[in-house]
Amino acid sequence: LKAPGSRAVLSRIPELCDVWFDSGSMPFAQWHWPFENDDVFSSQFPADFICEGVDQTRGWFYTLLAVSTLLSKGAPYRNVISLSHVLDEKGQKMSKSKGNIVKPDEVIDAVGVDTARWYFYTVNNPGDPKMFALREVRERLTGFMMTLANCVRFYELYEQTGAAKQGTKTALDRWVLSRLSVLTHDVAAHLDDYDPTVAARAIESFVVDDFSQWWLRRSRKRTDARWLLRHILRTVALLSAPFVPFAAEDIWKRIREEGDAISVHLADWPRITHEDRHEKLEAEMQQVRSFITAGLAIRKSEGIRVRQPLAAVVVPGATLEPDLEALVRDELNVKEVRYAPGAEVSLDLTITEPLKHEGWAREMMRSIQDLRKEAGFNVGERATGRWHALDDTTGAALEPHMKEIESETKTNLERAQTGPQGKISKEFELEPGKVVTVVIY
């Protein structure tokens, strides 16, 4: 072959071995070792980590080891991740002839590249076969990815109310900081052990179960907790950056403040804060959540909605600290927590007239919130409305609760003598025969 732009003629050298021998020689040949560059070779050998498909067990993985052994250099890599094959959802090898191939670009268009990444990280270990189904990838989108995105949107929604100043830490705050500290330690440890699946699953469990469904849901009305919301989002963005680089960068850009790195990928790994660990509090919170789970199960089996207040719950164990006891009361919607060592969780199911009327007020609050949402009111925006009860007894029962209803729903309400008319209205039944109509203006 003639060399372009030259009279030189190129010819293949006769000393040609199998191409796999070339690939196995890579760590040495790239530095022309042992003929030169001894220092730079020694500083970079062996490799910390290599990754390829399982078929490379007899290919690149093997020839690297074989060539290195022939040169008396031992193992040329310290860690190996061998990726198994992606199969169709029935466990069959994908092929065009079978018509069961999945095009990566179609998956990315459907759910996004980071959702596809998250699926492969969390579905099973790297070395296990993946029976690929797009519906399972969509579950990652509606689960972890959308949950995290909703947490960021919630932060942005309340960011307009002012600077995120730190308030007094509640037991719930101290608990979530402790869980975040555990997560930071565990993710780092699992990544150091080249175990991305356990690390990614730990992030997902924290975001969905601890952060979103527990801490954030319980802290929505606390403007003094927004500093902690940002701190959690910032740490989660850093921890998830190796797995979902685009999503993590998007979070970083949306919550970034002066002094932060310009990119999440240029920021330091989060520091493990041992002073935030509260193992006793974590154990107590786990107990609290078990009480709540048991109490909600009783409500469900008895057909009593959570909006209906009850007199008391009986729980085993020692008296909880006030913040934790308040969580049990609020989550189970009971007036009192009673303690009985050795007992099982139980509820006082007697619904007195005052409790029933309070339940009506809670039902009315929910209906007004639905109307506010339908009318397009923002969270902090004040609304005006009118309400009418079909019978005087129902109206008289609701009247004592109107100030609380107005405060909780941020709606000024006037009682109408007849059914109010309006575009945004709702008629609902508190119980058979107890009908209330509400209009929002």
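The values are calculated or read from the model by the stated rules, or taken from the named source; none is laboratory data. Only a predicted model underlies this, so the values are computations on that prediction, with no experimental measurement involved. Glycine gets a Cβ as well: all are built from the backbone with ideal geometry, and neighbour counts include every protein chain shown.
Every residue, every condition in (1) under 19 Å from residue 156 (Cβ atoms); (2) touching a Leu at 6+ places or on another chain (Cβ under 6 Å); (3) not charged (D, E, K, R), yes or no:
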site: 212; (1), (2), (3): yes, no, yes
site: 216; (1), (2), (3): yes, no, yes
site: 227; (1), (2), (3): yes, no, yes
site: 234; (1), (2), (3): yes, no, no
site: 274; (1), (2), (3): no, no, yes
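Cβ separations smaller than 8 Å between residues 6+ apart or across chains give the following pairs from the stretch 31-60 residues that are touching a residue at least 60 places away in the same chain (Cβ under 8 Å) and within 20 Å of residue 195 (Cβ to Cβ) to residues that are among the basic types (Lys, Arg) and surrounded by 11 or more Cβ atoms within 10 Å (Cβ to Cβ): 49/78. May I ask you to verify whether residue 130 is among the charged types (D, E, K, R) and surrounded by 12 or more Cβ atoms within 10 Å (Cβ to Cβ)? When the stated conditions are applied, residue 130 passes them. Going through (1) modelled with pLDDT under 95; (2) in contact with a Ser or Thr (Cβ under 7 Å, 6 or more places away or on another chain); (3) more than 19 Å from residue 228 (Cβ to Cβ) one by one, residue 314 falls short only on (1).
Can we say residue 110 is without any contact (Cβ under 8 Å) to a residue 40 or more places away in the chain, in a helix (DSSP H, G or I) and either over 19 Å from the mean Cα position of the chain (by Cα) or surrounded by 15 or more Cβ atoms within 10 Å (Cβ to Cβ) (or both)? Taking the combined requirement at face value, the residue satisfies it. Screening residue 316 against (1) crowded, with 16+ Cβ neighbours inside 10 Å; (2) touching a Gly at 6+ places or on another chain (Cβ under 7 Å) leaves a single unmet condition, (1). Scanning the stretch 178-200 for residues that are in a helix (DSSP H, G or I), out of contact with any His (no Cβ under 9 Å at 6 or more places or on another chain) and either surrounded by fewer than 19 Cβ atoms within 10 Å (Cβ to Cβ) or not β-branched (Val, Ile, Thr) (or both) yields a count of 9.
Residues are listed down the side, and each one gets a yes or a no for (1) more than 16 Å from the chain's Cα centre (by Cα); (2) at pLDDT below 95; (3) part of a helix (DSSP H, G or I):
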site: 235; (1), (2), (3): no, no, yes
site: 238; (1), (2), (3): no, no, yes
site: 243; (1), (2), (3): no, no, no
site: 250; (1), (2), (3): no, no, yes
site: 257; (1), (2), (3): yes, yes, no
site: 261; (1), (2), (3): yes, no, no
